[in-house]
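For reference, the structure is listed below as structure tokens.
The values are calculated or read from the model by the stated rules, or taken from the named source; none is laboratory data. This structure is a prediction, so every number in the text was calculated from the model and none was measured. A quick note on method: Cβ atoms are made from the backbone with ideal geometry, for glycine too, and the neighbour counts reach across all protein chains shown.
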Amino acid sequence: MNSREVKTALYKEIATVTKALGNPHRLEILDLLAQGPVPVEYISEHINLPLANASQHLQVLKKANLVNVERKGKYIFYALSNDHVYDVWKSLRKLGFNQNQEVQKLVDEYRQQREDLQVICAEELIQKLETNDIILVDVRPDEEYRLGHIQGAVSIPYTEIREYLKELPVDKEIVAYCRGPLCMMADNVVQLLNRSGFKAYRLDVGVPECESFGIALEAVAT
């Protein structure tokens, strides 16, 4: 194989990857898989896709070597093939915001219309953690919390937040987080908490980004 053939082969491989990434459902799947390995049934349920469609998208991602497959008992689990896959998705997300001002405008307007929604960045979270006077709440489904969460965070899935209102102390600030900047679960929780008399904030990053800021993570032992 000469240099031209090698170059062509490389471009074909890159084209396969970029084609696999050129679908919003597959990007959402990658965002979900960044939380940890899950079966196709979980993916289907949490991104509102029929099981057959979710399976088809996963096969495209697998063919492009973006996801790995592992059988555990009767279930087949899918996971990102390596950390570079998430780095690529994160870069695409950033590029999308930078190149398309309408996307950023949509997010900004969404949050500006919600007076009870206050957002903090990772650096602000670190400062608040140093005071040891906040409650950190992971509002993702418990399955994702168990796969990995910010150290010291408590699991209160967003669908159950109303059941915990009487148990949360009103004299402490609450910081809620979910899967990342495109996930709206924490937005809804923070709005509810603030309207219920708490002082709550939404973290603008998810668990996969936290390590890069030096925020410690942990998982639930199984």
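List of remarks:
- Picking from residues in the range 124-157 that are in a loop (DSSP other than H, G, I, E, B) and more than 17 Å from the chain's Cα centre (by Cα), the one that is surrounded by the fewest Cβ atoms within 10 Å (Cβ to Cβ) is N132.
- When E13, E28, E5 are checked against the criterion of being crowded, with 16+ Cβ neighbours inside 10 Å and out of contact with any helix residue (DSSP H, G or I) (no Cβ under 8 Å at 6 or more places or on another chain), E28 stands alone in meeting it.
- Single residue of the range 158-186 satisfying the filter (hydrophobic (A, V, I, L, M, F, W, C) and assigned to a loop (DSSP other than H, G, I, E, B)) that is farthest from N132 (Cα to Cα): L182
- Matching option when the condition is modelled with pLDDT under 90, more than 25 Å from L80 (Cα to Cα) and not assigned by TED's automatic domain parsing to the domain that holds P39, among R195, R93, R162, R114: R114
- Yes/no for V189 being crowded, with 19+ Cβ neighbours inside 10 Å and outside any strand (DSSP E or B): yes
- Within the range 192-204, considering residues that are touching a residue at least 60 places away in the same chain (Cβ under 8 Å) and buried (at least 20 other Cβ atoms within 10 Å of the Cβ), the one nearest to R162 (Cα to Cα): A200
- Any hit, the range 206-218, residues being assigned to a helix (DSSP H, G or I), under 10 Å from the mean Cα position of the chain (by Cα), assigned by TED's automatic domain parsing to the domain that holds L125 and under 20 Å from I161 (Cβ atoms): yes
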